[in-house]
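Participant: Below is the structure I would like to discuss, written out as structure tokens.
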Amino acid sequence: HGYACHAARDGEGLFASRSSWLPGLAWDPPERDAANVAMLRRYLRTYGPATLQDFKYWRGVKSADAQRWWAAVEPELATVAVDGSEQSILRADIDELLAPSDALADSVRMLYRFDPFLLAHKDKRWLVPAAHHKQVFRIAGHIEGVILDRGRAIATWRYVRKGRGLTIVVEPFGRIPQRVRRKEERTAPRIAAYFDVPLQEIVEQPFSLDTGPRA
């Protein structure tokens, strides 16, 4: 509703009243339904394919509201099959999704913990195999970083600071393909460079539920 805004950081994230922090800002927010219909289009463009239940879960609203906004966008949707379930994408995105691109050719991604992609769907079975759900979605709401291959999680990962260096720890769900290892080897030095420290090593090890959430 525009009542709060991000304030200047002072060691941690701060919020402030918009009217006192930015009193001169012209503020004409859109009508609620129109704003949420626009948000739904952006959600599908970013996180689709998805279902009505996925959007309701992500948006955190009542069923009646989610259904009303979904109905407004429904003429713009196309149905696709994902692991035997029907999900929706925007028709306007079909050509782009089907077109080959350099970005799609490199299908391996290292997403860190609490990445928005891991929070965007209620039903995560197509993203994280059921047998490894607890490896990603941990106790007390902690969410591990994952390695995605062609849009599906195949391992969790984290970094560990040791002395003046950094180690990348990978806990795979199964055998890691060599092309994924090559991507790890290209990406890990960039992660270390972000912290302005050298990369020490990349370690693969089995996962254990006995180990709590880590950095």
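Participant: Looking at (1) outside the structural domain of Trp157 (by TED's automatic domain parsing); (2) assigned to a loop (DSSP other than H, G, I, E, B); (3) at pLDDT below 95, which one does Val61 not meet, given that it meets all the others?
Facilitator: Tallying (1) outside the structural domain of Trp157 (by TED's automatic domain parsing); (2) assigned to a loop (DSSP other than H, G, I, E, B); (3) at pLDDT below 95, Val61 fails exactly one: (3).
Participant: Moving on to the next point. If I ask for residues that are more than 24 Å from Ser85 (Cβ to Cβ), in a strand (DSSP E or B) and among the small types (Gly, Ala, Ser), which ones from the stretch 126-182 would you list?
Facilitator: Correct list: Gly145, Ala155, Gly165.
Participant: Please work out which residue is farthest from Thr51 (Cα to Cα), limiting yourself to the stretch 64-100 and to residues that are among the hydroxyl-bearing types (Ser, Thr, Tyr) and at pLDDT 95 or above.
Facilitator: Thr79
Participant: Still on this structure, I have one more. In the stretch 15-27, which residues are at pLDDT below 85 and in contact with a strand residue (DSSP E or B) (Cβ under 7 Å, 6 or more places away or on another chain)?
Facilitator: Within the stretch 15-27, Arg18, Trp21, Leu22 meet the criteria.
Participant: For the structure I just gave you, tell me whether Ala155 is buried (at least 16 other Cβ atoms within 10 Å of the Cβ) and at pLDDT 95 or above.
Facilitator: yes
Participant: I want to confirm something. Restricting to the stretch 28-58 and keeping residues that are in a loop (DSSP other than H, G, I, E, B) and surrounded by 10 or more Cβ atoms within 10 Å (Cβ to Cβ), which single residue is modelled with the highest pLDDT?
Facilitator: Thr51
Participant: Same structure, new question: Among the residues of the stretch 193-208 satisfying the criterion of being of a type outside the set (A, V, I, L, M) and in contact with a Leu (Cβ under 7 Å, 6 or more places away or on another chain), which is surrounded by the most Cβ atoms within 10 Å (Cβ to Cβ)?
Facilitator: The qualifying residue surrounded by the most Cβ atoms within 10 Å (Cβ to Cβ) is Gln200.
The values are calculated or read from the model by the stated rules, or taken from the named source; none is laboratory data. No experiment lies behind these values; they were computed from the predicted model shown. Cβ coordinates were reconstructed from backbone atoms using ideal geometry, including for glycine residues, and neighbour counts include every protein chain displayed.
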